[in-house]
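Student: Structure in structure tokens, see below.
The numbers here are math on the coordinates, done by the rules we state, and not lab data. Because the structure is a prediction, the values reported are computed rather than measured. Cβ placement follows ideal geometry from the backbone for every residue including glycine, while neighbour counts extend to all protein chains displayed.
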Amino acid sequence: MHNQHAANANRLLDLNVSHDTDLVATASVAFPEQTPMRVGLDVMHIKNPWEGSSLSEEELLVLKQVEDDQARLERILALWTLKESFVKATGDGLHFDLKSLRFRVPSSAPSGPGPAPPAGKAFLHGKALEGWRFLLKKLRMDDSAEASGSYWLAVATQVRSGEGEILTGDETERHMKVSWLTLDEILRNATQVK
């Protein structure tokens, strides 16, 4: 779904929707009229074979160093999900050269006391992607450790202070709220449009 803008008094709302398999995700951002922001998101079930034809040369080189097939698949799909979130936020769609958008994401996020530093960085045509922030979160639909119930959720948000940083893990909680709703819960709370 391409971004939709809705006016409400002096505020605007930007929305984006994504789905894969049995998961539907929505993202929204409200902002004062004088500082419009855009939001895009993508969600991808971690299970499908992937060729990585939209990855930059650097991203492909990093992937070649990952020996475990499952870890390589998860990394490819994380990169793809980040790229899709940006393209959906900008509305460029299929006309955008995805190879010009590069993400540098370390194989593991740093841990320790205090707030975590950004887990990665986004680049467009070789330059840091200023004015954008990315959130990358692995979602589990069940309590199992198996990948069959796992999804990547990526959100691209246009923000003045953004420097192309990619936030992961607990650091995303300050910027993103994830809630699980069943279809029955959504329908119970729905309002009929006349």
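Student: Which residues' amide hydrogens lie under 5 Å from the amide hydrogen of E163, considering only partners 5 or more residues apart or on another chain, with H built in the peptide plane?
Tutor: HN-HN under 5 Å from E163: G131, W132.
Student: Which pairs in the list K88/K137; K64/K127; K83/K138; K99/K137; K64/K138; K47/K137 are over 20 Å apart, alpha-carbon to alpha-carbon?
Tutor: K64/K127; K99/K137; K64/K138
Student: Compute the length gained on full extension between L94 and T182: take 0.36 nm times their separation in residues and subtract their Cα-Cα distance, giving the result in nm to one decimal.
Tutor: Computed gain between L94 and T182 is 28.6 nm.
Student: Could you sort the peptides 12-19, 65-72, 128-135 by per-residue average Cβ neighbour count (10 Å cutoff), highest mean leading?
Tutor: 128-135, 12-19, 65-72
Student: Still on this structure: What's the ranking of 156-168, 75-87 by average number of surrounding C-beta atoms within 10 Å, highest first?
Tutor: Taking the mean over residues of other Cβ atoms within 10 Å, the ranking is 75-87, 156-168.
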